[in-house]
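The values are calculated or read from the model by the stated rules, or taken from the named source; none is laboratory data. Worth saying up front: this structure is predicted, and the values here are computed from it rather than measured. So basically every Cβ, Gly included, is an ideal-geometry build from the backbone, and we count neighbours across all protein chains shown. Remember, those area values only see protein heavy atoms, side chains included, never the ligands or the DNA or RNA. Shrake-Rupley method; radii C 1.70, N 1.55, O 1.52, S 1.80 Å.
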Amino acid sequence: MRSEPPNHSWQAARTGRIEAQRGLPPEDPGAYGHPGSPEPQGAWAEETPPARGRRPRRDKRPRGVVPAPAPRSRPAGKDQQPEASFPPPLATPSRRRKVLKRVTVSIAVVLVVQFLSVLSYNWFTPPRTSYMFQSGEPIVYQYVSIDHISRFALAATIAHEDEQLGTRVGAFTWEELTQRAEAWQKGEKDPSGSTIPQQLVKNIYLWPSQDPVRKTLEAGLATEMSLTVPAKRVLELYLNYAQFAPKLYGICAASWYYFNTPPWAMTEHQAGQLMGVLPLPERVRRAPEGGIDLGPSADPLAWDLINGAANVWVPRQIEGMGGWQATVATVGITDLASDHAADRNSGDSCSTMPASVSKRIAEDAAGR
């Protein structure tokens with residue numbers, strides 16, 4: 001007689017579970033699956049599911065141990081290289097050399113272009129400068145050759161603006177440079193003022209601010225200009241680009257605007273007056289009947305500068321240099337403007353009033 005299997009129906013009766021669930025282990029602390037319980041044996045080891053509320057464990061590792069990631073498989077090959085554990089450094093020596101080379105080449109290109117630009121002023125006179133572009137249109141300007149500029153005006157410019165233009169090596173002396181640097185550090189006024197090469201490169205390339213960056217660029221460009229462009233040509237460019245009234249540039253336009261005369265016919269007194277206009281061109285106006293306005297409506301500071309230059313400073317400086325002929329000789333000029341009278345029909349002689357000057361005079365008259 002075959003013995004009957006143990007009857008576990010009492011568990012189904014109590015729990016309402018079907019016969020297939022009879023293998024569930026007890027849930028008391030001593031049951032299988034709880035800490036300290038014995039390992040299941042026989043059929044229990046094969047049939048007993050995990051305790052209620054617990055997910056089955058898929059490996060035999062102790063709890064809390066994170067498995068190491070499996071290595072990625074790559075197709076085998078002869079040239080296969082082992083994978084690097086870390087990315088390569090951001091700046092390798094070869095990359096740094098390449099960057100340094102590119103920076104060096106860029107700087108060299110800029111310097112060469114800048115040098116060629118300065119060198120080109122030996123024979124090239126652009127119709128606009130940085131200062132003209134910054135002031136905005138309409139601009140009153142016309143170029144005139146130095147052959148057709150009064151020698152009185154040339155002597156007055158040298159005496160008033162830069163006595164050492166034709167005798168100095170470079171754009172300034174070392175003493176002038178140190179004095180200006182010390183004055184800037186102390187917040188004091190410039191004791192020596194800018195030389196003609198410095199003012200010229202400022203007008204051509206730079207901006208009006210007095211910041212150290214502009215002053216540094218100005219010093220370098222002025223030195224290069226004075227060493228590559230003759231003093232006579234520097235003086236010619238300066239008088240063509242200097243400002244003599246709001247948006248009015250060059251001695252050609254200035255001589256016609258103020259005195260109704262070509263630049264080669266200017267007198268000593270008129271030349272001296274124009275030198276007094278240079279420090280404050282924005283404050284100077286043309287008189288209704290011609291000439292520089294020095295009447296009651298004139299700016300007091302401009303009035304003082306113009307009268308002082310024409311009657312005191314310029315004549316005294318020219319006399320100290322040995323007269324106007326000796327003054328212009330310092331930049332290599334030994335002839336007169338009248339020696340070029342045969343060429344006054346050329347386009348660079350400024351023998352007739354420029355149309356832009358006529359328009360400005362008409363606008364001034366209409367605005368009064």
So which GluC sites (Glu not before Pro) in segment 155-256 pass both tests, a DSSP loop state and at most 16 other Cβ atoms within 10 Å of the Cβ?
Glu188
Positive minus negative residues near Pro138 (Lys, Arg vs Asp, Glu; Cβ under 10 Å):
+1
Sequence order, segment 146-152: Karplus ³J(HN,Hα) from phi using 6.51 cos²θ - 1.76 cosθ + 1.60, θ = phi - 60°, Hz rounded, Gly and Pro as x, gives 5, 5, 10, 10, 3, 5, 5
Over segment 136-268, with the other protein chains present, what is the accessible area per residue in square angstrom, probe 1.4 angstrom?
39
Of Lys202/Lys247; Lys186/Lys247; Lys186/Lys215, which ones are farther than 27 Å apart at the Cα?
Lys186/Lys247
Determine the share of segment 235-368's accessible area contributed by carbon and sulfur atoms, expressed in whole percent, with a 1.4 angstrom probe.
53
For segment 295-368, how big is the tail of P(r) above 15 Å, as a whole percent of Cα pairs?
75
Applying the Karplus parametrisation 6.51 cos²θ - 1.76 cosθ + 1.60 with θ = phi - 60° to the phi angles of segment 324-338, what ³J(HN,Hα) value in whole Hz is obtained for each residue in order, glycine and proline being reported as x?
5, 5, 5, 5, 6, 5, 5, 10, x, 9, 10, 9, 10, 5, 5
Quick query: amide H of Met266 versus all other amide H atoms, modeled in the peptide plane; which residues come in under 5 Å with a sequence gap of 5 or more or a different chain?
Ser150
Could you do me a favour and compute the accessible area per residue for segment 315-354, 1.4 Å probe, result in Å²?
57
Please identify every one of the trypsin sites (Lys or Arg not before Pro) in segment 187-258 that sits in a loop by DSSP and has no more than 11 other beta carbons within 10 Å of its own beta carbon.
Lys189
Across segment 215-230, in residue order, what do the Karplus-derived ³J(HN,Hα) couplings come to in whole Hz, using 6.51 cos²θ - 1.76 cosθ + 1.60 with θ = phi - 60° and x for Gly and Pro?
5, 5, 4, 4, 4, x, 5, 5, 4, 5, 5, 5, 8, 10, 10, x
Could you size up the charge dipole of segment 192-287 around its Cα centre, putting +1 on the beta carbon of Lys and Arg and -1 on that of Asp and Glu, and report it in debye to the nearest 20?
200
Taking H as built 1.01 Å from N, whose amide H comes closer than 5 Å to the amide H of Ile292, not counting residues under 5 places away?
Ala287
Using 1/(1 + (r/R0)^6) with R0 = 30 angstrom and r between the beta carbons of Ala342 and Val112, what's the FRET efficiency to the nearest 0.05?
0.15
